[in-house]
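The block underneath contains the structure these notes are about, expressed in structure tokens.
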Amino acid sequence: MRSSAAMGEPDYYALIGVDRTASLHEIRSKFRAKVLAEHPDKGGDPKTFQLLNKAYNVLTDQDKRKRYDATGHADKSVEEEFVEGFGGGRLQFEPRSKEADEKAVVSLQDRMIMGLPQSHEEGFNEWLRQRDQNAMVLTDKDFMKSHLFNSAELATKINHPGGVHHVLGSPKTDTYGQPLGGAVQVQAKPRPLKKMIEHDELLVRMLAVPVDDSMVYANLKKSGVCLGQTGVGRVEQVGSRVEGYNIEDAVIILPKPGKYAQDKPIGSARTLVPCHEDDVIFVPAAILEELTPEQISLTPIIVAAYVVLEMYGSKLKPGDSVLINSAHMSASGAAFLQLLRLLKLKPLCILSLPSAPQNLVRGEWGTKSAWQDVDVREMPAATVRTNYDRICENLVSMGAEEVFPDAVALLRWRDRNQRMLPKLALDGVATRESCEQLIHCLQSGDKDSQVVVVGHGALKPIQVSPSLLAAWGGRINGFNLARWVHGLAANKKKMMSVMENITKLIRTNKFQIDTVLYKVGEDAISDAFGRAADHADNIQVVLIFPTLQEEVHSSTEEQRKEQERLLLAQQEEAAKRKEEEERDKLKKEWLGLLFTAQSVAAMSPEGPIPIAFEGGDLSKPEHLVVFIGDNPKTDATILKDLSVSVGHSGLLSAAWTQHPAGEAFAEFNIKAPEVIDGSWYIRDRAGFENQDLDLLHDLELLSRALAESIESRIAEHGLDWKSVVIVGFGKGAGIALYASLMNLFPRQIGHLIMFSPVVMFPSFLGEKAQALAKEKPPNPGAQPLKIFAVWGNRNRSTPGTYRQLLLQTFRKLPQVHCTPDNVPDMDHAFDVKCMGVLQGLLELVLR
């Protein structure tokens, strides 16, 4: 997009017939003679006559003659007009060539620019001139707006029906909801607008919004926030008291600083934006005719670069160097590079790419040891090197003097070539180390050296050690375009004036910024933000928006789809509700049949539980002690010692884990979180899931199998059920308790001793036992079943909430009398501590 140089003009001196050193008198004399001879009325050539007049006008004007002698043409080029208008024309003269730089070693004293002294009175007068007079006066318009009417009565209804597309951002969070930082997560969705605009508001139809770091790394506190602080659009509706704006006027949205928080921006990334009249800037027709909406949307970025160089580069001369670390990053870097080239300043670029080795300068400012000993042997990956070379070539074509991978490389280059360090650095990266690295590459502060932070960064604090800052002695400045624009009323006009000058450069292909467009509602917005966050891609991403007709069509289509989704959701909900009702009905029937004569377990038993151990006096026992634990092999070893203690009683060990119905219950993990926190135990009928119903079915099979095993031994030894004492541990104790309370034993047993019982769903057990007691009340005068429950203080598988629930269940059952006890330091294991307690209890119940 760059045009060739203008062709040279004719030799005006030869045309008139004078030497280049001729005086004005000689030029006038020769011109009179020539112009009479070449006059068209006397047969002369009209073109030659016109050239003679032009030559005379140029050579008799002192300024034009000087320009003609120096450049070969009399008219100013676009670049010269731009340079003359920048900072009062202080950068008009030619810089020293690069070849001269390489040969010369210039001292710092030769490069100092002396400022003119200024009196106190002159400074005060300048301050008065710079004040915003409009901010000091309360006009009748301001008074009317704030005192003499109700603004709600003057609100205007928004004409657009339905919602419009919004670009919504959400912070990245971890599994606990804590923010992770970095780029935001984005999506484009239709959202409703507010119904009214206030009397002092405009409704702007957005055309283009540039995606910059303030959008990519927005500091959001919640999800679904509409992004964007700037953009270009056209006025769609005007509030009742807005003056100076008409429908279809082009405006740039740029809200006042502090009006919108970082976590809640104005939200310019949507098709229609309601905003206050003070938050927009009118775009002149001269710019509209020359530039596209996406180019106009870059106005804040380009003007920011211009103003930064004008404000902070006031003491620079042509040929001075400026350090910049964001030349490769989107429109901002490209704008700085091209403006520096036009101003004949020399950009030194630091190009730090992701995944490239990070060589950092560390140590005291101005010392070689800070960078000389840095290990730079690590080489970047081939892909990173390829990207680096590609971007370097592009930066040099846009005007970069030199490109370096880091500050260490720059300082080594400067040391080899005896080059003077810059006085101005532009920090557009704005990361933790970026500012500190730039300081190491600048002259000392007493030479007016300064760093200007011009980038939003990734919301990371800038870290500069106090010792480094003190040794350097320069200034760190920040620049915000919105604050500058709204600081003075004249700055809005200056912003558009600057853009008009840039428009001339764009028209003549002297200034360009490459853009890529993503249409909201059609293209993947996440791809757009991913590309904007990629520092290896220097193309500026711009969002464009659908027309209102497209929004209406999309809204109608979206409403149709939404109705279809709602209908489908209702049908699915009805089907799910019906399925739940059927499931609840079946579950209720199933739970009602459990532990009854009509249950599946009663109709299809799977045989008795096998006996894994027999001991004691089985020739003619007076009692039968039945042990049911969770590990038959380990239990048999301990029960051998118990055989001596049972006296004239038989001792059996029932191995429920070897029964076909015990497989699922045996695999159930009693150390699972829901068991340890008690939530598994306290489930009720409404909360039962399919696996819970399966476990209850298996539990009934095992309980009936236990009753069948004991009944056969009672008949064999001629005993009754009162002579039976059941000792249970863990899950086995739960099986024995269910068998006792569900009346699966033909008659009530003598005693039940439980160690660390794992009783499945005590609430269900209590409800079922109460229902059975009502159906078949116990005989009058019958003794309640005596239960001993022994707990371990260190047993996490039987938490306190479960123990209390089980004891409350026992209290509600009149046919049960429970005596609880605790064993210190006992875990979930049937060991020697349990044996001591068991021997004492057996002595009590076997008398």
Using alpha-carbon positions, the gyration tensor of the range 352-421 gives root eigenvalues a ≥ b ≥ c; with a/c under 1.5 called rounded, otherwise prolate if a/b exceeds b/c, else oblate, the class is oblate
Which residues' amide hydrogens lie under 5 Å from the amide hydrogen of residue 225, considering only partners 5 or more residues apart or on another chain, with H built in the peptide plane? 169
For residue 154 paired with residue 783, estimate the spin-label separation in nm (one decimal), with each label point 7 Å from Cα along the Cα-to-Cβ line. 9.6 nm
Kindly state, to the nearest 0.05, the FRET efficiency for residue 617 paired with residue 569, given R0 = 60 Å and r defined as their beta-carbon distance. 0.25
Most positive-pole-ward Cα, 327, 604, 649, against dipole of the chain from beta carbon charges: 327
Between residue 668 and residue 641, what is the label-to-label distance in nm when each label sits 7 Å out along the Cα-to-Cβ direction? 3.0 nm
Just how large is the dipole of the chain about the Cα centre, in debye to the nearest 20, putting +1 at every Lys and Arg Cβ and -1 at every Asp and Glu Cβ? 1440 debye
Stokes-Einstein at 4 °C, 1.567 mPa s, Kirkwood radius from Cα pairs: D for the range 708-847 in µm² s⁻¹? 83 µm²/s
So between residue 84 and residue 61, what do we pick up on full extension, going 0.36 nm a residue minus the alpha carbon distance? 6.4 nm
Within the range 210-251, list the residues whose amide N lies under 20 Å from a label point set 7 Å along Cα→Cβ of residue 527. 210-212, 216
In the range 215-299, what trypsin sites (Lys or Arg not before Pro) fall in a loop by DSSP, with at most 14 other Cβ atoms inside 10 Å? 221, 222, 259
How much space per residue, in cubic angstrom, does the convex hull of the C-alpha atoms of the range 435-499 take up? 131 Å³
Filtered trypsin sites (Lys or Arg not before Pro), the range 650-704: DSSP coil and at most 10 other beta carbons within 10 Å: 671
Computing the accessible area with a 1.4 Å probe over protein heavy atoms, can you report the carbon and sulfur percentage for the range 597-724? 50 percent
Which residues among the range 692-714 fall inside the zone where the amide N is under 17 Å from a point 7 Å beyond the Cα of residue 604, along Cα→Cβ? 693-705
Zone of residue 747 (label point 7 Å along Cα→Cβ, backbone N under 16 Å): which residues in the range 758-778? 778
Could you work out the mean projected area of the convex hull around the alpha carbons of the range 615-681, in square nanometres to one decimal? 6.1 nm²
Among all helices in the chain defined by DSSP H, which have a length of 18 Å or more along the axis from Cα atoms plus a Kyte-Doolittle mean of at least -1.0? 24-37, 46-59, 299-312, 330-342, 382-397, 489-507, 690-717, 762-775, 832-845
Given 16 as the ceiling on other Cβ atoms within 10 Å, longest exposed-site-free region of the chain for GluC sites (Glu not before Pro) in DSSP loops: 1-242
Taking θ as phi - 60°, what are the ³J(HN,Hα) couplings along the range 179-185 by the Karplus curve (6.51, -1.76, 1.60), each to the nearest whole Hz, with x for Gly and Pro? x, 9, x, x, 5, 7, 8
Alpha carbon centroid spacing (whole Å) that separates the range 715-793 from the range 582-612: 18 Å
Can you list, largest first and rounded to whole Å, the semi-axes you get for the chain by taking the square root of 5 times each eigenvalue of its Cα gyration tensor? 93, 34, 23
Antiparallel DSSP beta bridges within the chain, as percent of all bridges there, nearest 5: 45 percent
Round to the nearest 10 and report in Å² the accessible area of residue 315, as given by a 1.4 Å probe over the protein chains' heavy atoms. 90 Å²
Calculate the FRET efficiency for residue 634 and residue 187 from the Cβ-Cβ distance with a Förster distance of 41 Å, rounded to the nearest 0.05. 0.10
Length added when fully stretched, residue 248-residue 418, from 0.36 nm per residue minus Cα-Cα: 55.5 nm
Please return the longest stretch of the chain lacking exposed loop sites, where chymotrypsin sites (Phe, Trp or Tyr not before Pro) count only if DSSP places them in a loop and at most 13 other Cβ atoms lie within 10 Å. 177-847
Please compute the length gained on full extension between residue 33 and residue 796, using 0.36 nm multiplied by the number of residues separating them and subtracting their Cα-Cα distance. 262.7 nm
I need the calculated FRET efficiency for the pair residue 73 and residue 21, taking r as the beta carbon distance and R₀ as 25 Å, to the nearest 0.05. 0.80
Compute the distance in nm between two label points, each set 7 Å from the Cα along the Cα-to-Cβ direction, one at residue 844 and one at residue 577. 5.6 nm
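The values are calculated or read from the model by the stated rules, or taken from the named source; none is laboratory data. Since the model is a prediction, treat every value here as computed from it, not as a measurement. Here the Cβ is made from the backbone with ideal geometry for all residues, glycine too, and neighbour counts use every protein chain on show. Side chains included, ligands, DNA and RNA excluded: accessible areas come from the protein's heavy atoms. Shrake-Rupley method; radii C 1.70, N 1.55, O 1.52, S 1.80 Å.
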